[in-house]
Amino acid sequence: MGVWCIVVLWLCCGLGECLAAQSSPLYRPVKALSASDLAIIVNDNDPLSVAIADYYRQRRRIPAANVIHIRMPVGKAVLSHREFAAIKQSVDAQTPKQVQAYALAWLQPFRVECMSITTAFAAGFSMAFCAEGCKPTLSSPYFASETSRPFDTHGWRPAMLLAAPSLNEAKALIDRGVAADYSQPLGTAYLLKTSDVARSSRAVVFADIARALQPFWPVEYLEQDYLTGRQDVMFYFTGLTHVPHIRQNRFLPGAIADHLTSLGGVLSGSSQMSVVEWIQAGATASYGAVVEPCNFPAKFPNPAVVFYNYLRGSTLIEAYWKSVAQPGQGIFIGEPLARPFAFPVNQPGVGSR
């Protein structure tokens with residue numbers, strides 16, 4: 001965990017310098033992905049997938065050439081590597097060269113055998129992303145990187161599920177992401193060390209993150225099991241099998257929330273709280289494990305990396321993906337292009353904080 005902690009410390013220092021520099025006339029917003037860089041993958045066998053993809057294409061003005069059509073069984077949670085190989089081959093053939101990332105317009109499937117479907121689309125299926133027992137898995141070259149062109153630089157196209165149980169919920173998620181753009185929200189980051197010791201493995205650095213960022217962004221480090229009645233939730237990182245009272249908080253557009261647990265990314269039939277519940281509560285993105293990963297912090301989002309990239313103006317998919325060192329067993333869900341802390345082109349500046 002040493003390297004993971006070192007990354008936390010130097011990123012916090014770098015972010016502080018960056019946020020302070022935003023008041024300078026020499027400040028330039030960070031480069032980020034745009035609609036032309038994103039492709040939507042739609043399952044033509046699934047009417048909900050088709051409807052979600054169509055709505056998202058319109059709301060984000062995704063080029064028609066960036067809509068990729070595939071056919072998968074409906075309602076199937078897990079694909080075999082052979083099934084996926086044929087699908088991936090078709091996707092690769094249809095993907096325009098400039099595309100750097102994918103939005104997957106469905107709730108299921110969420111796994112390809114032992115790995116998440118988002119990492120499978122990002123980097124291709126490989127047993128190196130899997131582990132039997134408590135072992136590390138293949139690391140992501142995109143972790144904590146500065147590139148704004150992940151495929152051009154690393155050969156990876158980060159993927160995120162536009163996951164919701166219904167079209168109305170998917171539309172609400174998409175609308176939150178669009179509403180977040182350039183909003184400069186005045187929210188708070190909540191880092192919770194809970195009574196669940198095993199699931200608080202990444203909380204060992206939460207106090208350090210809070211101390212480093214508090215001069216620049218409100219961060220509350222709390223030793224308690226849950227939040228309730230908060231009206232300004234922009235970030236919520238915790239560790240429990242089930243997080244109570246999440247709907248009794250207000251998540252701002254573009255908010256990110258996740259809980260470190262073994263099976264949060266199992267999107268149907270899990271014995272633990274699904275990350276979909278964060279979306280239903282009002283978050284714009286979440287992350288969870290689709291198979292038992294053990295409680296390695298490297299297999300879950302690093303809040304310092306999220307803050308470093310998101311608060312500088314990166315899109316949600318970039319900030320979140322860059323925060324996971326070993327993403328093979330975890331799934332990303334949400335609206336990829338949300339960019340609340342950016343400024344419109346030719347209008348750099350700072351928020352009112």
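What follows draws every value from the coordinates through simple rules; no lab data is involved. The structure presented is a predicted model; accordingly, all values stated were derived computationally and were not measured. With ideal geometry, Cβ positions are generated from the backbone for all residues, glycine too; neighbour counts draw on all protein chains shown.
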Original post:
Check residue 111: other-chain or 5+ apart residues with amide H under 5 Å from its amide H, H built from backbone geometry?
Top reply: 79, 117
Original post:
Thinking of segment 81-204 as a set of Cα atoms, what percent of all their pairs are more than 25 Å apart?
Top reply: 45
Subject >> Charge dipole magnitude, Cβ of K and R +1, D and E -1 - the chain, Cα centre, debye nearest 20 >> reply: 480
**OP:** Holding the Cα-Cα limit at 22 Å, pick out from 171/193; 31/97; 97/299; 31/88 the pairs that are longer than that.
**Re:** 171/193; 97/299; 31/88
Original post:
Which ³J(HN,Hα) values, rounded to whole Hz and listed in residue order, are derived for segment 309-326 from phi using the Karplus coefficients 6.51, -1.76 and 1.60 in 6.51 cos²θ - 1.76 cosθ + 1.60 with θ = phi - 60°, glycine and proline given as x?
Top reply: 8, 5, 6, 8, x, 5, 6, 4, 5, 5, 4, 6, 5, 5, 8, 10, 6, 10
**OP:** Multiply the residue gap between residue 204 and residue 250 by 0.36 nm, knock off their C-alpha separation, and tell me the result in nm, one decimal place.
**Re:** 13.9 nm
Original post:
Using a Gaussian network for the chain with springs between C-alpha atoms less than 10 Å apart, which of these wobbles most: 116, 139, 271?
Top reply: 271
Original post:
So what are the ³J(HN,Hα) numbers for segment 152-157, from phi and the Karplus equation (6.51, -1.76, 1.60; θ = phi - 60°), rounded to whole Hz, Gly and Pro as x?
Top reply: 4, 8, 10, x, 10, 10
Subject >> Cα gyration tensor shape for the chain, rounded if a/c is under 1.5, else prolate or oblate >> reply: rounded
Original post:
What is the distance in Å between the Cα centres of segment 276-291 and segment 246-268?
Top reply: 4
Subject >> Potential lengthening between residue 230 and residue 195 on full extension [0.36 nm per residue; Cα-Cα distance subtracted] >> reply: 10.6 nm
**OP:** Within segment 205-274, report the trypsin sites (Lys or Arg not before Pro) that DSSP leaves as loop and that have at most 14 other Cβ atoms within 10 Å.
**Re:** 250
**OP:** With r as the distance between the Cβ atoms of residue 149 and residue 268 and R0 = 35 Å, compute the FRET efficiency 1/(1 + (r/R0)^6) and round to 0.05.
**Re:** 0.55
**OP:** Give the long-range amide H neighbours of residue 285: residues separated by 5 or more places, or on another chain, with amide H under 5 Å away, using H modelled in the peptide plane at 1.01 Å from N.
**Re:** 257
**OP:** Using only alpha carbon pairs under 8 Å that are at least six residues apart, calculate the relative contact order of the chain and give it in whole percent.
**Re:** 22
**OP:** Search the structure for amide H atoms under 5 Å from the amide H of residue 159, placed 1.01 Å from N in the peptide plane, and list their residues when 5 or more places away or on another chain.
**Re:** 102, 122
Subject >> segment 252-339 - percent relative contact order, Cα under 8 Å, separation 6 or more >> reply: 30
Subject >> Under the Karplus curve 6.51 cos²θ - 1.76 cosθ + 1.60, θ = phi - 60°, whole-Hz ³J(HN,Hα) for segment 61-78, x wherever Gly or Pro sits >> reply: 6, 6, x, 4, 5, 9, 9, 10, 9, 9, 9, 10, x, 8, x, 8, 7, 10
Original post:
Hey, in the GNM for the chain with a 10 angstrom Cα cutoff, which one of 342, 128, 51 fluctuates hardest?
Top reply: 128
Original post:
Among 239, 330, 229, whose mean-square fluctuation peaks in a Gaussian network model of the chain (Cα, cutoff 10 Å)?
Top reply: 229
